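A short write-up of the structure that comes next.
The values are calculated or read from the model by the stated rules, or taken from the named source; none is laboratory data. Since the model is a prediction, treat every value here as computed from it, not as a measurement. Here Cβ is always computed from backbone atoms with ideal geometry, including for glycine, and neighbour counts include all displayed protein chains. With ligands, DNA and RNA removed, areas are computed over all heavy atoms of the protein, side chains included. Shrake-Rupley method; radii C 1.70, N 1.55, O 1.52, S 1.80 Å.
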Amino acid sequence: MWYSIGKSNPFEAAFMIVTNAVAQSFDGNVLVQTCSRAITVIGCSTFDTNLRLQSRFPLQRDATYCTESGTKMHTTVISVNKLVVIAHTWYNAYYHLLTEAMSRLMILHELLVLDPDIYILLQHPIYSNSATDLFNLFGIDNKRVIYFYSSPRENGTLYRAKIMFVPRGIGCGGAPPSLLEQIHVKALNFVYNRSTPPKPYLSLPLPVVLNKNHNITFQHKNVTRVKAGPIIIISRSITRPRHLKNEMEIMHFLSKEYSAIPVVFFLSNISLIDTIAMFNSARVVIAPHGAGQIHLLWMRQGTAIIEISPAASFNGCFQPIATYRQVHSYIYFDPHASGRGGLQVNMTNFSQFFREVMQGRY
């Protein structure tokens, strides 16, 4: 029996079941193979997947590849009975880990909770503690997760399973609101009730993001503005791109003009459970563009988030999530910033901008 790697066709089902299959990493993605087919598990890539596959794998293999002799060329073979493949590009970044990997996990979450014999294949994220915390949050022992590293050495490892589950792929920031809602509800139930509801919750269309020509307000209808909770400033380290250069000026303005409202700096140095509880209590969040904004997933309807973004590189990846959560989203553009440097607000303009955001919130 022969197969060749030809034109790729995405599958439309929620997930695919493949029997007697092997998986192998390449460039952070995963190729799932059987004797007769190849399935590419790939995410945010702009490259031609087929050309990359042809450069790494022969166009044709015979059926002996599926036998024991066909695995002898590999340095390591990891075998399990059942395996869920949720790995593909960019899962080492927290935003993608949460919105894409965990969204794909939600497709099979109930099955994973009920059957502890199912293992999970995931690219090892930079924020490994965050991945562990997320799996614990959703009732999955981290010992069931098989992590791989995206490196040439990893290409010699095969992951073999009698039954392999491949959830439907999710592109960059394109998680359906129905899956994000599962993450939101299950996480909040665990944080406050130490229980995880077993069923899906909501199905909504993915909203369209507006352009970047001016400071933007994403309008929501029939949502009551929240008048309780702190103002949270997400602080990025000065060693990281898009850190907020004059965040202390913002804090002084808030402390003077809104002295009755607590102002809290979020430094990403608390547990996931405490982080979820903090953002669920927020009234307004001020955030330089970055992964920390994904915590708007825990925010209440009617709260607000102000994203401070370089005007030249605004991509709007958080706005669909804000729209789904019914969080009022405001974009303040720094016209002088690049995507890699720091951000700075003009305090005269920002003060007026913030007063508009606070209307009806205190």
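Just a few scattered comments:
- Residues satisfying the stated conditions in segment 315-326, i.e. open to solvent by 10 Å² or more (accessible area, probe 1.4 Å) and under 18 Å from the mean Cα position of the chain (by Cα): ASN315, CYS317, PRO320, THR323, TYR324, ARG325
- Taken over segment 321-358, the criterion of being free of Cβ contacts under 8 Å to residues at least 12 places away in the same chain and not in a helix (DSSP H, G or I) is satisfied by HIS336, ASN346.
- Residue pairs meeting the criteria (Cβ under 7 Å; at least 6 apart or on separate chains; first assigned by the TED database to the domain that holds GLY174 and modelled with pLDDT of 95 or more, in segment 296-320; second buried (at least 24 other Cβ atoms within 10 Å of the Cβ) and part of a helix (DSSP H, G or I)): none
- Residue in segment 338-353 that is under 23 Å from CYS172 (Cβ atoms), open to solvent by less than 20 Å² (accessible area, probe 1.4 Å) and assigned by the TED database to the domain that holds ILE232 present: yes
- When SER237, SER259, SER268 are checked against the criterion of being in a loop (DSSP other than H, G, I, E, B), open to solvent by 60 Å² or more (accessible area, probe 1.4 Å) and out of contact with any helix residue (DSSP H, G or I) (no Cβ under 7 Å at 6 or more places or on another chain), SER259 stands alone in meeting it.
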